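**Q** My questions will all concern the structure given below.
The values are calculated or read from the model by the stated rules, or taken from the named source; none is laboratory data. No experiment lies behind these values; they were computed from the predicted model shown. Glycine also receives a Cβ, built like all others from the backbone with ideal geometry; neighbour counts cover every protein chain displayed.
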């Protein structure tokens, strides 16, 4: 193949790859799952504690954007969703109506199951990532997590949200 033909073929293939990778609208968690996870995170990170509340550092939106990202592990995404569905089922769709005492009891009971314990660990891990990650990723709003812990993020700080986008 001559150089000109090779360069032309590269241009066609490169253009096809770029057109094929056009960004689709971001997937979102089902509304009931989003609300339940938000309720769990609000219980884990309530208002008035030393750390920012889940709402203050954008915990649920960070979790949603993370687990619904096309490159995120599908099995973990499925686990997060199914764990929330399981908690809803166990609590007969009433978890979000509970006061703090009843939420604590429900979460402690769920934690006693192997599945529930792993699910709560995963939600806590994703919440802590949202609390401590660079704000460019959608959590740690106004660096509230860093400020509460009197620390800074890593240097150099990211300049784009996700590499490869």
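**Q** Here is a list of conditions, (1) surrounded by 11 or more Cβ atoms within 10 Å (Cβ to Cβ); (2) over 22 Å from the mean Cα position of the chain (by Cα), and residue 99 meets all of them except one; can you say which number that is?
**A** With (1) surrounded by 11 or more Cβ atoms within 10 Å (Cβ to Cβ); (2) over 22 Å from the mean Cα position of the chain (by Cα) applied to residue 99, the lone miss is (1).
**Q** Here is a check on your reading of the model: is residue 126 buried (at least 18 other Cβ atoms within 10 Å of the Cβ) and modelled with pLDDT of 95 or more?
**A** Working: buried (at least 18 other Cβ atoms within 10 Å of the Cβ): yes; modelled with pLDDT of 95 or more: yes.
Here the answer is yes, as residue 126 does meet what is asked.
**Q** Could we say that residue 101 is assigned to a helix (DSSP H, G or I) and more than 25 Å from residue 27 (Cα to Cα) here?
**A** Working: assigned to a helix (DSSP H, G or I): yes; more than 25 Å from residue 27 (Cα to Cα): yes.
It is true that residue 101 is assigned to a helix (DSSP H, G or I) and more than 25 Å from residue 27 (Cα to Cα).
**Q** So in segment 150-159, with the set limited to residues that are free of Cβ contacts under 8 Å to residues at least 24 places away in the same chain and on the phi < 0 side of the Ramachandran plot, which one is surrounded by the most Cβ atoms within 10 Å (Cβ to Cβ)?
**A** Once the filter is applied, the top-ranked residue is 153.
**Q** Here's a follow-up. Given the options 131, 120, name the one that is farther than 12 Å from residue 57 by Cβ, touching a residue at least 12 places away in the same chain (Cβ under 8 Å) and in a helix (DSSP H, G or I).
**A** Details: 131 fails: farther than 12 Å from residue 57 by Cβ.
Residue meeting the stated conditions: 120.
**Q** So which residues in segment 1-54 are exposed (fewer than 10 other Cβ atoms within 10 Å of the Cβ), at pLDDT below 90 and either under 32 Å from the mean Cα position of the chain (by Cα) or in a loop (DSSP other than H, G, I, E, B) (or both), if there are any at all?
**A** Those that are exposed (fewer than 10 other Cβ atoms within 10 Å of the Cβ), at pLDDT below 90 and either under 32 Å from the mean Cα position of the chain (by Cα) or in a loop (DSSP other than H, G, I, E, B) (or both): 1, 2, 17, 18, 19, 20, 22, 23, 24, 25.
Quick grid of which residues meet (1) within 18 Å of residue 34 (Cβ to Cβ); (2) in contact (Cβ under 8 Å) with a residue 40 or more places away in the chain; (3) not in a loop (DSSP other than H, G, I, E, B):
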residue: 60; (1), (2), (3): yes, no, yes
residue: 69; (1), (2), (3): yes, yes, no
residue: 89; (1), (2), (3): yes, no, yes
residue: 92; (1), (2), (3): no, no, no
residue: 96; (1), (2), (3): yes, yes, yes
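**Q** Can you pull out the residues in segment 138-159 that are part of a loop (DSSP other than H, G, I, E, B) and either in contact with a strand residue (DSSP E or B) (Cβ under 7 Å, 6 or more places away or on another chain) or closer than 14 Å to residue 50 by Cβ (or both)?
**A** Start the filter on segment 138-159 by keeping residues that are part of a loop (DSSP other than H, G, I, E, B), which leaves 138-140, 150-159.
Of everything in segment 138-159, those that are part of a loop (DSSP other than H, G, I, E, B) and either in contact with a strand residue (DSSP E or B) (Cβ under 7 Å, 6 or more places away or on another chain) or closer than 14 Å to residue 50 by Cβ (or both) turn out to be 150, 151.
**Q** Does residue 108 meet the test of being over 24 Å from residue 144 (Cα atoms), surrounded by fewer than 21 Cβ atoms within 10 Å (Cβ to Cβ) and at pLDDT 95 or above? Give the steps one after another, and end with the answer.
**A** On the way: over 24 Å from residue 144 (Cα atoms): yes; surrounded by fewer than 21 Cβ atoms within 10 Å (Cβ to Cβ): yes; at pLDDT 95 or above: yes.
For residue 108, the condition - over 24 Å from residue 144 (Cα atoms), surrounded by fewer than 21 Cβ atoms within 10 Å (Cβ to Cβ) and at pLDDT 95 or above - is met.
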